[in-house]
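Read the figures in this text as sums done on the coordinates, not as results from a lab. On a predicted model such as this, the values are computed, not experimentally measured, just so you know.
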Amino acid sequence: MKDAFNDEVAAMAVETPDGLPIAAAFFILYGDEVIYLSSGFTREYKKYGAPHLIQWTMIKYAYANGYKKYNFWGTKPDPNNGVYQFKQGFHGEEEELVGAFAAPLNIIGRLYLAKIHTREQRDL
């Protein structure tokens, strides 16, 4: 990440007292916003709330350093979606952006793309 984004990337981890990592996350510091890119945690230690600690620490960092937005990145707005509930717990404003979506292709779509792209382009 550092090679691609230089100083515009941040990583944070939470460890147990004996150094065992229990949660980690990556962020991109881009323009006037901090973008939450990816994270993970050890389910065994879920009850300690390490992902919440990481997010809250980065939100405070963003505020203290003059960033105007803290972008949790996309999630499906569904009350049964645990990731959505987690993000809603920080009481931010939901902003819908056009242009970022996933479109799974059926067999017809894959055949069409195979016809219009060379093998080298498909393997990128």
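Using only alpha carbon pairs under 8 Å that are at least six residues apart, calculate the relative contact order of the stretch 2-98 and give it in whole percent.
Here the relative contact order equals 20 percent.
Lys69: which lysines have alpha carbons under 26 Å from its alpha carbon, excluding same-chain residues fewer than 8 sequence positions away?
The qualifying lysines are Lys2, Lys60, Lys87.
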